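Comments concern the structure below.
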Amino acid sequence: MNQNVGISLNMNPRWVGEDGLNGFLNPLRQVGLNTLEFELDAFLPEWNEIPHLIEDCHNAGMKLCFHAAYRNPNRIEGFSRNQRDAIVNQFQPMLSIAQGWAEKTKFPVNVVFHGAHSMDQKRDILEKDTIEFLAWVLDSFPGIFPALENNHPSKVGEIKIGGSRSSVFNVIEEINNPRLGVCWDMGHDFLSQGGMAVDQDWLSHVNHVHIHDVNNEGIDHYPLIFGNVPFAAWLPLLRSAKDLRVVTLELKGGLMTGWEWDRIQSALIDSIRIIQQGLGQK
């Protein structure tokens, strides 16, 4: 494992409260946070604030990584057929932001991607869409290290590229580019496959991790407070992931609605500390 692995949080303007950006970041930096992940989606209601927040976080000394848009209307299915130009036009401006930061910092940036999914297309067609889309990303944005995420389990009747480790692995091996890796989402993995053993082939392709807990009702993207996702067993395995660059605590802040701020901050601090300790970082 690279000893400079970034410990990250998915960042949103709503995290910045009355104490300002440094007031939010400083307690987390004290336990190892050094990177922030931003979603590149112009359709987010808070998007107008995000480019300025990225700049502010960089100026505050934080490293950066990104998550490509995945919510409707951002979809990559059709890329290998008749939708290529429309999809390129939709994704290029946002991915150019990540490329710009790679050039500004003179350091490649990880960008997480979801595979194609559909209720009415065959798996081989969706896999081709995903492969050709990621090949375009690799060719067009040399400062980006793409990471294909193992996604949330499929809905009934849905075909999803990335719904399992093997689905992700098929795409990675077909493209066979050293910049392309796996985003191992531990919460999604737990929901789709339980605590299945992790082999070295999988770990050798991991360049990004999303970690979050799942409550007893199966709702994911919580801080690491329940212990249902086997992160205590899985995190130390990352020490043998030679291409790992970032581990992101990926949360949905709305799940903590109604919590007192002290409780939220404590959960964030404890989760970052668990990540740091699991990676064997001091």
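Couple of notes before you dig in:
- Each of the peptides 141-152, 97-108 was scored by the mean count of other Cβ atoms within 10 Å over its residues; in descending order, highest first, they stand as 141-152, 97-108.
- Unsatisfied cross-links (Cα-Cα over 28 Å) in the set K160/K252; K106/K160; K63/K160; K63/K252: K106/K160; K63/K160
- Partners for K128 among aspartates and glutamates (Cα-Cα distance below 14 Å; same-chain residues under 8 apart left out): E77, E173, E174
- Taking the chain as a Gaussian network of alpha-carbon nodes connected by springs under 10 Å, the highest mean-square fluctuation of the residues L180, L53, L95 belongs to L53.
- Taking the chain and dividing mean pair separation by its residue count, relative contact order in percent (alpha carbons under 8 Å, at least six apart): 19 percent
- Protection proxy ranking, highest mean first, for peptides 11-20, 181-190: 181-190, 11-20, where packing is the per-residue count of other beta-carbon atoms within 10 Å, averaged.
- Using a cutoff of 8 angstrom between alpha carbon atoms and counting only pairs six or more residues apart, the relative contact order for segment 128-282 works out to 18 percent.
- K128 sits among other residues whose Cβ lies under 12 Å from its own Cβ, and their net charge, with Lys and Arg +1 and Asp and Glu -1, is -2.
- Alpha carbon centroid spacing (whole Å) that separates segment 30-59 from segment 225-275: 18 Å
- Around E37: net Lys/Arg minus Asp/Glu count, Cβ-Cβ under 13 Å: -3
- Taking the Cα centre of the chain as origin and assigning +1 to Lys and Arg Cβ atoms and -1 to Asp and Glu Cβ atoms, the resulting dipole is close to 500 debye.
- Net charge of neighbours whose Cβ lies under 15 Å from the Cβ of P178, counting Lys and Arg as +1 and Asp and Glu as -1: -1
Throughout, read-outs are computed from the coordinates displayed, never taken from laboratory work. Owing to the predicted nature of the structure, the values given are computational and were not obtained by experimental measurement. Glycine gets a Cβ as well: all are built from the backbone with ideal geometry, and neighbour counts include every protein chain shown.
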